[in-house]
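Asker: Have a look at the structure that comes next, please.
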Amino acid sequence: MKTIVAIFAGAGLLLATTTASAETRAEKNEARVARMIEGRTAGEPVNCISALRSNSIEVIDHVGVVYDAGDTVYVARASDPRMLSTFDTLVINRYGSQLCTNDMMRTVDRYNGYITGVVFLEDFVPYTKRS
């Protein structure tokens, strides 16, 4: 009986530790996005952006997608931020030169290559430098 109680206690402690570290990771990445848009003013959200330089698209784990267009930084948060993980790669099927919130996006396991989920983005919010 004592063994069963110890197993459940250990499992509870492990679950609490995992949840706490996930929250810490999400908070850390939210702070990272805040630093990226610091000193900028939010504009009107848009569905699509001209993302010609695909190397400027950055996936922020447990947050969303950030596109740095120079004077403007676009932030699109994921509807379910937990879908964006360090262990996955975001694959975006674009239909044209623009990156849109309705483009098909899925996550693929970085090491084994199997599909791990689907990502839906909210609108892109432009943040421009203040003059």
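Since every read-out is calculated from the coordinates, none of them should be taken as a lab result. What you see is a predicted model, and the numbers here were worked out from it, not measured in a lab. Cβ coordinates were reconstructed from backbone atoms using ideal geometry, including for glycine residues, and neighbour counts include every protein chain displayed.
Asker: Please compute the modelled spin-label separation between E30 and R82, points set 7 Å along Cα→Cβ, answer in nm with one decimal.
Answerer: 1.6
Asker: Which residues' amide hydrogens lie under 5 Å from the amide hydrogen of T116, considering only partners 5 or more residues apart or on another chain, with H built in the peptide plane?
Answerer: T107, V108, D109
Asker: Which semi-axis lengths, in whole Å and largest first, follow from the square roots of five times the eigenvalues of the Cα gyration tensor of region 71-131?
Answerer: Values: eigenvalues 123, 36, 22 Å².
Rounded to whole Å, the semi-axes are 25, 13, 10.
Asker: Output wanted: per-residue J couplings in Hz (rounded whole) for region 82-96, from phi through Karplus 6.51 cos²θ - 1.76 cosθ + 1.60, θ = phi - 60°, x for Gly and Pro.
Answerer: The phi angles translate into 5, 6, 9, 10, 4, 7, 10, 10, 8, 10, 10, 9, 8, 10, x Hz.
Asker: While we're here: Please compute the modelled spin-label separation between T72 and Y95, points set 7 Å along Cα→Cβ, answer in nm with one decimal.
Answerer: So the two model labels end up 2.2 nm from each other.
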